[in-house]
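Everything below concerns the one structure shown next.
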Amino acid sequence: MLSCIIDNGVEPILVFPNTLGLANYYRNKGMRIFVIPYTYNIRPNCDNFKDRLLFTYRYLKRKTINKIASNKLTRIAKELDVDIIHSNTSAIDIGFNVAKKLDIKHITHIREYGELDHWMHIYGMKRRFEYKWSYAIAITKGILEYRCPFGDVNRFKVIYNPIVSKNEIRYSKTKKDYFLYVGRIDETKGIVDLIETYIDYVKKNKDIIPLKIAGTINGNCEKLYSRLTKIIKDSDAEPFIEWLGERNDVADLMYYARATIVPSFFEGFGRVLAEAMANGCLTIGRDTGGTSEQFDNGVRMIGKEIGLRFRNRSELVRHLIDVTHTSPEKYENMIISSQRTIDLLYTKESYSEKITQFYREIMESSK
């Protein structure tokens, strides 16, 4: 997003909550950076007695941090005569607070449902969108309808995340015999459901295509990883499941896989699905959320299914068996159709054009 708006004459001023990671990266690129500690405007956890006991303290601490951040950001925005404040996630509200105080235009980039995909309640969304100079970019139609069901089409837009450049879309007829999972080792990503379903597939099938799992195994998921490895060890599927850990060659893994499986229970967008399509891979995805919307986009634009959908374990097992006993060439038309959808909706070129046009429309709207 930054590269496309810079190429079109926008001068971005970036605000980060700390000096780590991206802040240093963009500072080294010579961009104007401000570091102001702030945090998410979400309800603190109430999962157990300790959380409930600390709820008020955590709530007030977050509000205090963000109040101080809003005051600092107000001074910066006023001094630099900022035209638009663009908040890169709906879970942050300090940009909106400043925009309303200074009577300037604000964009909320809605990348999450909140409750449905990340189990978090975001405060003040309705109030934010009622502001007269409030605009929104949602990364899917489903998210826009969930967050802004009565939104003004001139102020609230769907602009899909860019996945690749047009010249990076590729396809190979040569496939290797493995299924692929890419993502966090997290229950919300459907990894437990996938492994237990794959075990059923092994029981019901004589010819087995192995499953490769590419995802970081760190402290946050070690308990789940241990639980899953025990389940696998106690099954007939152990020889066919390979844990790859974090990989830097995911695109190539997708390029050669028989299919990439996206079992997430609810994705806001579902980047893995689109990346797999861009790399010429057959996709098998749960028919919910952003995954479902991507499949629907294909049907709407191409007139046919661009991947294999499933709603439950039995449907996923059936797809795994069908792919096992079907020549990869028979899915070529489906893969090519999925790539036509990528070309139309999810390329960097398309994204750049739409973001820049929306900025122009916002700037041309009168006060």
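The values are calculated or read from the model by the stated rules, or taken from the named source; none is laboratory data. Everything quoted here is computed from the prediction, not taken from an experiment. We place every Cβ from the backbone using ideal geometry, glycine too, and count neighbours over all the protein chains shown. To get the accessible areas, we keep the full protein, side chains included, count just its heavy atoms, and leave off ligands, DNA and RNA. Shrake-Rupley method; radii C 1.70, N 1.55, O 1.52, S 1.80 Å.
Of the residues 158, 139, 237, the one whose Cα sits farthest toward the positive end of the charge dipole of the stretch 129-252, with +1 on the Cβ of Lys and Arg and -1 on the Cβ of Asp and Glu, is 158.
The protection proxy used here, the mean number of other Cβ atoms lying within 10 Å of each residue, ranks peptides 201-207, 338-344, 213-219, 90-96 as follows, highest first: 90-96, 338-344, 213-219, 201-207.
Phi angles of the stretch 63-72 translate, via the Karplus equation with coefficients 6.51, -1.76, 1.60 and θ = phi - 60°, into HN-Hα couplings of 4, 5, 4, 6, 5, 5, 4, 4, 5, 5 Hz per residue; Gly and Pro are given as x.
Taking the square roots of five times each eigenvalue of the Cα gyration tensor of the stretch 186-273, the equivalent ellipsoid has semi-axes of 20, 17, 13 Å, listed largest first. Charges were assigned to the Cβ only: +1 to each Lys and Arg, -1 to each Asp and Glu. The resulting dipole of the chain about its Cα centre is roughly 1220 debye.
How would the stretch 158-220 be classified by its alpha-carbon gyration tensor: rounded, prolate or oblate, with rounded meaning a/c under 1.5 and the a/b versus b/c comparison settling the rest?
On the way: a/c = 2.37, a/b = 1.28, b/c = 1.84.
Here the stretch 158-220 falls in the oblate category.
The Cα-based radius of gyration of the stretch 316-357, divided by its Kirkwood radius, gives an Rg/Rh of 1.26.
How do the peptides 158-164, 18-24 rank, highest first, by the average count of neighbouring beta carbon atoms within 10 Å per residue?
Details: 158-164: 20.7, 18-24: 12.1.
Those peptides, ordered most packed to least, come out 158-164, 18-24.
Restricting the calculation to alpha carbons of the stretch 112-257 gives Rg and Dmax of 20.4, 63 angstrom. For residue 14 and residue 61, what does the FRET efficiency come to when R0 = 25 Å and r is the distance between their Cβ atoms, rounded to the nearest 0.05? The formula returns an efficiency of 0.50 here. Give me the percent of Cα-Cα pairs in the stretch 244-367 that sit more than 26 Å apart, rounded to a whole number. Across the stretch 244-367, Cα pairs with separations above 26 Å total 26 percent.
Dipole of the stretch 46-117, Cα-centred, from +1 at each Lys and Arg C-beta and -1 at each Asp and Glu C-beta, to the nearest 20 debye? Don't skip to the end; give the middle numbers.
On the way: 14 positive and 10 negative charges, 96 e Å.
Computed about the Cα centre, the dipole is about 460 debye.
Residue 166 sits with roughly 90 Å² accessible to a 1.4 Å probe, with DNA, RNA and ligands left out of the calculation.
Any idea what the alpha-carbon Rg over 2.2 N^0.38 Å comes to for the chain?
On the way: Rg = 22.5 Å, N = 367, 2.2 N^0.38 = 20.7 Å.
In units of the globular-protein estimate, the chain measures up at 1.08.
Model label points for residue 27 and residue 318, set 7 angstrom from Cα along the Cα-to-Cβ axis, are 5.6 nm apart.
With a Förster radius of 22 Å applied to the beta-carbon distance between residue 167 and residue 333, the computed FRET efficiency rounds to 0.50. Cβ-Cβ distance of residue 34 and residue 89, R₀ of 25 Å, FRET efficiency by 1/(1 + (r/R0)^6): the value works out to about 0.90.
Here the dipole of the stretch 110-186 is about 320 debye; that uses its Cα centre as origin and unit charges on the Cβ of Lys and Arg (positive) and Asp and Glu (negative). Could you look at the chain and say what percent of its accessible area is carbon and sulfur, using a 1.4 Å probe and all protein chains? Of all accessible area on the chain, carbon and sulfur atoms account for 50 percent.
Rg over Rh for the stretch 1-117 works out to 1.01, using Cα positions for both radii and the Kirkwood form for Rh. Rolling a 1.4 Å probe over the heavy atoms of the protein chains gives the chain an accessible area of 51 Å² per residue.
Counting only protein chain heavy atoms and rolling a 1.4 Å probe, the accessible areas of 277, 334, 363 rank, largest first, as 363, 334, 277.
Taking a temperature of 20 °C and a viscosity of 1.002 mPa s, what whole-number D in µm²/s does Stokes-Einstein yield for the stretch 229-302 with Rh from Kirkwood over alpha carbon pairs? If you can, show how the numbers build up before the last one.
Working: Rh = 13.8 Å.
Diffusion coefficient, whole number: 155 µm²/s.
Past the 15 angstrom mark, what percentage of all C-alpha to C-alpha distances in the stretch 73-147 do you count? All intermediate terms of the calculation are to be shown ahead of the outcome.
On the way: 1440 of 2775 pairs.
Everything past 15 Å amounts to 52 percent.
Note on residue 205 and residue 249: the model spin-label points, each 7 Å out from Cα along the C-beta direction, lie 2.4 nm apart.
Sketch the reach of a paramagnetic label on residue 242 as a point 7 Å from Cα along Cα-to-Cβ, and name the residues of the stretch 304-342 whose backbone nitrogen lies under 18 Å away. Residues 324 qualify, since their backbone N sits under 18 Å from the label point.
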